[in-house]
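Below is one structure; the comments refer to it alone.
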Amino acid sequence: MRGSLFESPAWCRVQCQRHCSQTPHKKEVPCVFGRPPQLPITKIIRLSAALLACHRRRSTPTAALSLPPRVCSLPPESLSCRLSTIYSWVRKTKLCSVDAAMATTKPRLSSFSRNLSAVSSSQTPGVKCGPNGTMFVSSGIADLDRYFEILGGGFPLGSLVMVMEDAEAPHHMLLLRNFMSQGLVHGQPLLYASPSKDPRGFLGTLPSPASLKHDKSRDRESEQEKGLRIAWQYKKYMGENQPNFDSHRVTHHYSGADNKQDYCNEFDFRKPLERHYFTRQRVNCVGIQHSKNLAALQEHCASFLAQHQRNDGSSALAGRIAIQSLCAPQCEHSNMDWEMLSFIKSLKGMVRSSNAVVVITFPPSLLSLSSTKRWQHMADTLLSVAAIPDEDKELAKLLSGYQDMVGLLNVQKVARLNTQVPLILEATTFSIKLQKRRFLVLECLNQAPVDGSSGSSYGTSGVFLQLSLTQKCYIEQLRMVSKEMDR
Amino acid sequence: MENQNLNLLDRALGLDGPSEPWPLSGRVVLIEDCVETSGSFVLHQLVKRSLSPTSSNVIIFVAFANPFSHYDRILRKLGCNLVTQRDNKRFIFFDMLMLRCPDEGKSSEGGLVLLYEKILKTICGLPGDKKDYVTIMIDDISLVEVAANGGSDYVLDFLHYCHALTSEFDCSLITLNHEDIYSSMERPTLILQMEYLADILIKAEPLSTGLATDVHGQLTVLNKGTSHRLGRSGNKIHNFHYKVKENTVEYFYPGSRV
């Protein structure tokens with residue numbers, strides 16, 4: 001929760017009471033406070049009791065209470081009984097959502113433990129806790145993390161991510177670069193396998209995190225754009241009250257109050273990653289072009305994953321494996337279908353019990369249909385990228401912002417570890433844009449304004465037959481969407 | 001069984017009758033799904049029903065897809081504690097995630113033969129009263145094929161041997177396979193044989209209009225040779241929609257959901 005930082009609890013209480021009195025109908029009151037280290041816990045407890053009493057009197061539907069990390073790390077028995085009383089009152093009345101770190105000490109608080117996304121594990125940088133006992137690392141693309149917000153914000157540790165390439169355009173490399181850079185920035189070891197002659201050379205093309213100044217200015221201007229034009233008095237409170245899952249371009253919501261490292265960085269493709277990030281200890285590059293079979297790669301993966309074994313409760317450093325174009329034709333194993341499937345199966349088995357994420361990209365056009373389906377079933381998270389033709393008037397009519405798009409990204413499957421509920425989100429297709437040719441941005445597809453004069457639906461079959469097979473599925477989705485809108 | 005809330009799937013499978021004898025014993029169930037709609041929730045539902053306190057089933061779960069912790073977490077939310085059941089010897093888990101049969105042709109089947117022997121030994125090792133109520137679950141068959149390096153003949157042999165167990169020991173065999181893998185093949189022998197062997201065929205597929213948040217897909221249950229209360233038997237097809245949640249799965253007829 002975002003809110004104001006107060007130095008003195010008394011002042012905080014006064015402010016909150018003022019908020020309560022002035023905003024009786026507000027859904028959420030931003031009574032979040034951080035405390036300076038020297039403030040004793042008893043004062044915190046008194047303040048929180050006062051806050052809750054205040055909200056109870058006002059009968060506001062929800063209030064927010066955040067306890068600082070130092071309190072949360074105490075074992076439950078040592079917490080003052082007054083804090084436990086407050087806590088049990090919270091549970092009973094369900095008026096407050098308690099900060100996620102507290103939720104971990106009392107595992108029975110179920111209904112609000114879903115709002116875990118704002119808390120990052122304080123011990124390990126770049127790793128977040130999510131629902132169902134899974135931990136997450138960032139994908140390196142803020143928009144994709146935001147899309148997976150409901151899931152936990154990123155790729156779950158222990159999962160296998162597959163990206164289906166488009167033979168016409170190398171957009172999967174953008175995703176791979178962001179993924180690898182994010183891991184290196186967080187100090188997470190990386191194993192990179194590629195069919196190229198010099199895998200190590202690829203590291204020189206990895207992007208570097210954008211400078212902080214640019215981040216903040218982007219956020220501020222986009223916030224101002226999104227801000228409603230309302231009377232100045234309300235705007236003061238509205239800005240603080242906005243629930244974080246509604247605001248869009250706020251990348252700093254991922255970072256903790258005093259974390260120096262963001263969970264997800266913005267990467268600048270024009271600035272290469274500094275060389276000290278990819279030392280030999282952190283990055284291991286493997287070439288798969290010349291090896292007879294996948295046994296060598298499997299051994300590399302096995303030894304890498306053995307270093308990241310998951311032990312219950314420990315927070316070992318997360319690891320990342322990136323395998324590019326696994327079935328590329330220049331590799332000798334590319335026609336050994338069952339060999340590759342067996343490799344993926346054993347890799348998946350190994351990664352499930354480790355703190356690592358594996359990203360594999362492959363061109364599905366080079367595999368048989370049935371093999372492609374097998375690969376798709378093995379993936380936990382399945383993404384696919386497609387190219388967009390440069391000058392396509394029909395597409396320009398269908399989509400707004402067509403000129404800036406370089407490709408499309410489709411999320412076909414999302415990892416469901418430890419749960420049986422499928423994740424069905426409203427939008428699954430995104431446009432890939434390179435803002436200012438530096439920053440990778442994913443946007444939901446928006447239909448261009450309907451041409452009032454025509455009045456007919458966009459989907460005439462003649463138009464769609466011209467497009468290649470890879471783009472057809474995305475255009476089908478667009479057609480369905482336009483039909484829905486026409487209805 | 002009568003006390004529990006029975007949903008449409010239970011009725012379609014014939015689980016709404018008396019729980020002794022177990023309606024699925026001696027029968028083969030095949031669950032088919034695709035990339036868009038996963039059918040594993042049906043498997044979880046069957047595990048929960050088999051391990052209900054009123055029945056005395058023993059489950060031998062051969063897992064190729066997910067580790068024990070995954071199923072444990074899911075079933076716990078559904079109301080079934082797998083750890084306790086494992087300690088009570090009602091849930092026997094075979095972790096086959098890392099099974100890989102060696103490359104040479106002649107011993108490619110070796111791994112599967114050993115697996116079958118292990119299952120047989122487990123069943124024979126059960127105490128007398130529990131031997132009649134065994135359920136063998138395999139998740140999933142496409143990974144068994146991968147483990148056998150593509151030797152679908154060996155996989156078929158293995159399945160036939162397991163099928164023989166259903167008549168020998170009256171156990172039930174429940175398997176999961178991905179139908180869309182075989183739909184593009186010229187001669188999809190494996191899936192056709194499995195569909196022929198199966199007494200009950202459960203197919204999970206998306207709606208023709210695509211995926212939605214309210215309805216996750218549709219289930220088609222083909223129950224061959226059901227015996228109704230009136231004594232007749234025949235094929236019965238059920239079709240209904242479903243929505244999967246953490247604690248339960250809702251089944252409803254198309255259009256009947258408010």
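The values are calculated or read from the model by the stated rules, or taken from the named source; none is laboratory data. From a predicted model like this one, the values you see are computed outputs, not experimental measurements. Don't worry about glycine lacking a Cβ; one is built from the backbone with ideal geometry, like all the others, and counts go over all protein chains shown. For the accessible areas, the whole protein counts, side chains as well, though only heavy atoms, and no ligand, DNA or RNA atoms are used. Shrake-Rupley method; radii C 1.70, N 1.55, O 1.52, S 1.80 Å.
Averaged over residues, the count of other Cβ atoms within 10 Å places the peptides A:383-391, B:207-215 in the sequence A:383-391, B:207-215, highest first. With a 1.4 Å probe and all protein chains left in place, how much of the accessible area of region B:157-258 comes from carbon and sulfur atoms, in whole percent? On region B:157-258, the fraction of accessible area on carbon and sulfur atoms equals 50 percent. Using a Gaussian network model on chain B with a 10 Å cutoff between Cα atoms, which of B:G26, B:G128, B:G79 fluctuates the most? Greatest mean-square fluctuation among the candidates belongs to B:G128.
With all protein chains kept in place, the per residue accessible area of chain B amounts to 44 square angstrom at a probe of 1.4 angstrom.
Principal semi-axes of the equivalent ellipsoid, √(5λ) from the alpha carbon gyration tensor of region B:118-258, are 29, 22, 16 Å from largest down. Label positions at A:Q307 and B:E246, each projected 7 Å from the Cα along the C-beta direction, are separated by 3.6 nm. The mean count of C-beta atoms from other chains within 10 Å of the C-beta of residues in A:419-431, rounded to a whole number, is 5. The GNM of chain B, with springs linking C-alpha atoms under 10 angstrom apart, assigns the highest mean-square fluctuation among B:I141, B:I237, B:I191 to B:I237.
For chain B, excluding the exposed loop sites themselves (GluC sites (Glu not before Pro), DSSP loop, at most 15 other Cβ atoms within 10 Å), the longest remaining stretch covers B:3-103.
Volume per residue of the convex hull around the Cα atoms, evaluated for region B:122-195, comes out as 89 Å³.
Summed over both chains, the contact between B and A buries some 3000 Å² of accessible surface at a probe radius of 1.4 Å. Measuring nothing but how far apart in sequence close Cα pairs (under 8 Å, 6+ apart) lie, relative to its length, region B:144-258 scores a relative contact order of 13 percent. Spin-label model, A:S368 to A:A396: label points 7 Å out along the Cα-to-beta-carbon direction sit 4.4 nm apart. Explain nothing, just the number: relative contact order of region B:1-85, from Cα pairs under 8 Å at least 6 residues apart, as a whole percent. Relative contact order comes out at 19 percent.
The relative contact order of chain B, computed from alpha carbon pairs under 8 Å that lie at least 6 residues apart in sequence, is 25 percent. Amide H contacts under 5 Å for A:V286: A:Y192, A:A193, A:S194, restricted to partners 5 or more places along the chain or on a different chain, H placed in the peptide plane at 1.01 Å from N.
Roll a 1.4 angstrom probe over the protein heavy atoms and tell me the percent of accessible area of region B:41-89 that is carbon or sulfur. The value for region B:41-89 is 49 percent carbon and sulfur by accessible area.
Among the protein heavy atoms of region A:266-366, carbon and sulfur supply 47% of the accessible surface, probe 1.4 Å, non-protein parts ignored.
Dipole magnitude for region B:30-80: about 320 debye, using +1 per Lys or Arg Cβ and -1 per Asp or Glu Cβ, origin at the Cα centre.
The residues of region B:71-102 occluded by other protein chains by 50 Å² or more of accessible area, set against the chain on its own, are B:R73, B:L97, B:M98, B:R100; surface from heavy atoms, 1.4 Å probe.
Remark on A:F267: its backbone amide H falls under 5 Å from those of A:A210, A:L440, a criterion applied only to residues 5 or more positions apart or on other chains, H modelled at 1.01 Å from N. Between B:S25 and B:L211, the modelled labels are 4.0 nm apart [label points 7 Å from Cα along Cα→Cβ].
Legend: residues in region B:125-159 shielded by at least 50 square angstrom of accessible surface upon adding the remaining protein chains to the isolated chain (1.4 Å probe, heavy atoms) are B:V146.
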